[in-house]
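Asks: Before I ask anything, let me first share the structure, which is written out below as structure tokens.
The values are calculated or read from the model by the stated rules, or taken from the named source; none is laboratory data. Predicted, not measured: the structure shown is a model, and the values here were computed from it. Here the Cβ positions follow ideal geometry from the backbone for every residue, glycine too, while neighbour counts run over all protein chains shown. Each accessible area value is taken on the protein alone, full model and side chains, heavy atoms only, with ligands, DNA and RNA left out. Shrake-Rupley method; radii C 1.70, N 1.55, O 1.52, S 1.80 Å.
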Amino acid sequence: MPDTHSTETVSNIGEVEFGSELPSFAPDTSTDNTKRFGKYVGWDSPRFTDHEGARKEGLPGAIVPGVLSQGFLGAMIHRWAPDAEIIAIDTVFRAPVLADVPHTITGTVTDIDEDEGTVEIDITITNEAGENRVFGTATAKLPT
Amino acid sequence: MRTARRAVGGFDVRIGGRSVATALGNESQKANPKVILDLHTHSIKSDDGRAKVQNYCQWIRAKSVPIDGFVLTEHRQFDFESDYSELASKFGITILKGAEVETEYGHVLVFGVNEGLYNEFDFTTIGLSLENVIEKCEKHGALAAPCHPGRPRVGMVAHLEEHGIPNGVRIVETKNGGSRGDEDEVAAKMAEDLGYLGIGGSDSHIVSHIGRCATRFPTTLATEGELVEALKAEEFEAISNKQ
């Protein structure tokens, strides 16, 4: 699955505008990737790597681990602001992110605190139907 | 509230002592008496809400979200403490408060909450009696409307087979900004079959989701009491701004 993303970046908080959108991208949700992730972190459960095994656990298919989804969200922020320090990623998992299914990761700036040098970003993971599978907010500190 | 936030889209500019936002909001209402309210939103007061009310207001103005206001329907509580009148005035946005309670038929929006109603049942309880909630709302001039009824587990349709058709329901949320799959279609079908009227709300938990669904009223309204009256008048329309 192609990992597409824009090269648009910001280098400091002065360049950030309220409401601006971070470059969205399509994360690699393939079971090849979830297998690789499981191998690295020592968490090789069928629910993440094998559709049939996941169905036996009552899931609709293999799912992308939540922490991997959070990693995708963090990657989006660092692609947008390479020098940002991510203070927090706070996610609400409304529905599973299914493996081998295209999803889109988006972010939008919804608060700027110039005193603190931080921005708040709405983050979402949606499927092709536009359904929010994961949403939340991230707080990142940018150079002043 | 933190300080020194950057002004949004010129909203610090003032005309004759009034902010531009207020001036625009008032002119907009004079030109068009119809009011569009997002009847279902959550702020950081809700356990799963991540949006600050000020940021909702900034977003609505910065992105020209086509709503005139919104109702904060926090989960299992009513927020008596917060006063958003200054924000409402600054941005020219109607900000009302309600609640989202949990019944054996799933989640239910409550509009027009007052102390009398608040003392009738425990808002924090999961598994309230829907018919009792409706009855107490009527007693205290409030109104209850099941929300996202097409959603598995927490929507009314999922519980009809077990509990039957409840007495007293007149309005349900037929357009919900957080719906997945055919949830809105299931809700609309139930509403049609049972003769219910439909309202819309975004069910937003983050700033950028506000206004995705809303309800259009033919008259102006600015208070919780006027909202209840407008709903009881049964002249409104659920709308979706989802892309």
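Asks: Taking the stated definitions as given, is A:THR139 within 11 Å of chain B (Cβ to nearest Cβ), assigned to a strand (DSSP E or B), touching a helix residue (DSSP H, G or I) at 6+ places or on another chain (Cβ under 7 Å) and more than 17 Å from B:ARG180 (Cβ to Cβ)?
Replies: On the way: within 11 Å of chain B (Cβ to nearest Cβ): yes; assigned to a strand (DSSP E or B): yes; touching a helix residue (DSSP H, G or I) at 6+ places or on another chain (Cβ under 7 Å): no; more than 17 Å from B:ARG180 (Cβ to Cβ): yes.
So A:THR139 fails the test.
Asks: Which numbered condition trips up A:ILE112, out of (1) of a type in the set (A, V, I, L, M, F, W, C); (2) surrounded by 19 or more Cβ atoms within 10 Å (Cβ to Cβ); (3) farther than 13 Å from A:ILE13 by Cβ; (4) within 12 Å of chain B (Cβ to nearest Cβ)?
Replies: Here A:ILE112 clears every test but (3).
Asks: In region B:159-191, which residues are within 14 Å of chain A (Cβ to nearest Cβ) and surrounded by 14 or more Cβ atoms within 10 Å (Cβ to Cβ)?
Replies: So in region B:159-191, the residues within 14 Å of chain A (Cβ to nearest Cβ) come out as B:176-185.
Scanning region B:159-191 gives B:ASN176, B:GLY177, B:GLY178, B:SER179, B:ARG180, B:GLU183, B:ASP184.
Asks: Which fully enclosed strands (runs of 3 or more DSSP E) of region A:46-135 have 1 or more residues being in contact (Cβ under 8 Å) with a residue 60 or more places away in the chain?
Replies: A:103-113, A:118-127
Asks: Of the residues that make up region A:61-82, is at least one open to solvent by 50 Å² or more (accessible area, probe 1.4 Å) and farther than 24 Å from A:THR144 by Cβ? Outline the logic, then answer.
Replies: Let us first name the residues in region A:61-82 that are open to solvent by 50 Å² or more (accessible area, probe 1.4 Å), namely A:67, A:70, A:78-79, A:82.
Imposing the further condition that a residue be farther than 24 Å from A:THR144 by Cβ reduces the set to A:67, A:70.
Scanning region A:61-82, I find at least one residue that is open to solvent by 50 Å² or more (accessible area, probe 1.4 Å) and farther than 24 Å from A:THR144 by Cβ, so the answer is yes.
Asks: Is there any pair with a first residue in region B:129-142 that is at pLDDT 95 or above and a second that is open to solvent by 80 Å² or more (accessible area, probe 1.4 Å) whose Cβ atoms are under 7 Å apart and which are 6 or more apart or on different chains, and what are they?
Replies: Between residues of region B:129-142 that are at pLDDT 95 or above and residues that are open to solvent by 80 Å² or more (accessible area, probe 1.4 Å), the close pairs are B:GLU131/B:ASN167.
Asks: Show the residue pairs meeting these rules: Cβ distance below 8 Å; 6+ apart or different chains; first residue within region B:194-214 and under 12 Å from B:PHE70 (Cβ atoms) and open to solvent by 10 Å² or more (accessible area, probe 1.4 Å); second residue at pLDDT below 95 and in a helix (DSSP H, G or I).
Replies: Every condition considered, no pair remains.
Asks: Next up: Condition first: of a type in the set (Phe, Trp, Tyr) and open to solvent by less than 30 Å² (accessible area, probe 1.4 Å). Can you find one or more residues in region A:30-51 that meet it?
Replies: Checked region A:30-51: at least one residue is of a type in the set (Phe, Trp, Tyr) and open to solvent by less than 30 Å² (accessible area, probe 1.4 Å).
Asks: If you don't mind, there's one more thing I want to ask. What pairs can you find where one residue is in region B:220-243 and under 21 Å from B:ALA144 (Cβ atoms), the other is assigned to a strand (DSSP E or B) and open to solvent by 60 Å² or more (accessible area, probe 1.4 Å), and their Cβ atoms are less than 6 Å apart, with a gap of 6+ or different chains?
Replies: B:GLU237/B:ARG216; B:ALA238/B:LYS175
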